[in-house]
1. Quick test for you: out of 52, 20, pick the one residue that is in a helix (DSSP H, G or I), surrounded by 15 or more Cβ atoms within 10 Å (Cβ to Cβ) and without any contact (Cβ under 8 Å) to a residue 12 or more places away in the chain.
2. Can you pull out every residue in the range 113-153 that is out of contact with any strand residue (DSSP E or B) (no Cβ under 9 Å at 6 or more places or on another chain) and more than 19 Å from residue 213 (Cα to Cα)?
3. Being farther than 20 Å from residue 207 by Cα and under 18 Å from the mean Cα position of the chain (by Cα) is the filter here; which residues of the range 131-148 pass it?
4. With respect to the numbered conditions (1) more than 11 Å from the ligand (Cβ to nearest atom); (2) closer than 24 Å to residue 12 by Cβ; (3) surrounded by fewer than 21 Cβ atoms within 10 Å (Cβ to Cβ), which one is the sole condition not fulfilled by residue 36?
5. I'm trying to understand the selection: among the residues of the range 87-124, which are near the ligand (Cβ under 8 Å from one of its atoms), modelled with pLDDT of 95 or more and either on the phi > 0 side of the Ramachandran plot or surrounded by fewer than 21 Cβ atoms within 10 Å (Cβ to Cβ) (or both)?
6. Return yes when residue 3 is without any contact (Cβ under 8 Å) to a residue 24 or more places away in the chain, on the phi < 0 side of the Ramachandran plot and in contact with a helix residue (DSSP H, G or I) (Cβ under 8 Å, 6 or more places away or on another chain) and no when it is not.
7. Restricting the range 149-167 to residues that are assigned to a helix (DSSP H, G or I) and surrounded by 20 or more Cβ atoms within 10 Å (Cβ to Cβ), which is farthest from the ligand (Cβ to nearest atom)?
8. Residue 44 - would you say it is within 9 Å of the ligand (Cβ to nearest atom), surrounded by 14 or more Cβ atoms within 10 Å (Cβ to Cβ) and under 20 Å from the mean Cα position of the chain (by Cα)?
Ligand code: B1M
């Protein structure tokens, strides 16, 4: 779609004004906002990664463009999860606690996972980013959640997901929660190795995995 192409361009060019006007345009044209986020703005975000990788983008440029992506994501997720859209009619499927692990600020993907889970009928408690394993466990117990989901985008912070599994075992809480992991460097093999109950590649699969874990 042409709209998606322009959305991609707005992120690559870090043009926040243009990005926000594209969201309005999409709403008027009744384009699915989640698809606009994933296939349009998300594609721009991927392009940023590639440019950064190949040295065509400096860190300050990446930080600036990522800030635009973050604001765009927050805005779309707010629109998608507005209270009037919330279906209080049906019983919630379960509660999922989400966090990006300690030392890791990447929270764009986790935000999208939170949104798809909410849309699918889960209650989501989002603890944000840079959350230590101890706090994750504490909040999971306090809120009696069903699933703990952690996101890690850096190879160095994946170790925190392992730390959480260890902490759950040590605290005798492993059986009380299902756990799932995600984020670009994670794999099904990693999930299995650390003893997590589920892994998902993207936000759509995350719903499928969460559904399975609730059974
Ligand atoms: Co950073 N960064 N970054 N970064 N950044 C990556 C991850 C990197 C791959 C870029 C690169 O070098 N090619 C690289 C990591 C290398 C590695 O360790 N393997 C990297 C680096 C090195 C860094 C810094 C160290 C750079 C520096 O300062 N030298 C620094 C670290 C800061 C820190 O965390 N302590 C850093 C900083 C940043 C910004 C702040 C500029 C910004 C983050 C802004 C933010 O999130 N608020 C940023 C960004 C934007 C990226 C890239 C370009 C894009 C990440 C993203 O948002 N992807 C990224 C390169 C890339 O991934 N191509 C990169 C889009 C998002 C929708 O996808 O997050 O994968 P993703 O989420 C997906 C799935 O993974 C899955 O579903 C989501 C939606 O489909 N998923 C889950 C995610 N979590 C899940 C949880 C689940 C289930 C599924 O269950 C619980």
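1. 52
2. 134, 138, 142
3. 131, 132, 133, 136
4. (3)
5. Listed by number, the residues that qualify are 103, 105, 106.
6. For residue 3, the condition - without any contact (Cβ under 8 Å) to a residue 24 or more places away in the chain, on the phi < 0 side of the Ramachandran plot and in contact with a helix residue (DSSP H, G or I) (Cβ under 8 Å, 6 or more places away or on another chain) - is not met.
7. Selected residue: 165.
8. Answer is no for this residue.
The values are calculated or read from the model by the stated rules, or taken from the named source; none is laboratory data. This is a predicted model, so every value here is computed, not measured. Glycine gets a Cβ as well: all are built from the backbone with ideal geometry, and neighbour counts include every protein chain shown.
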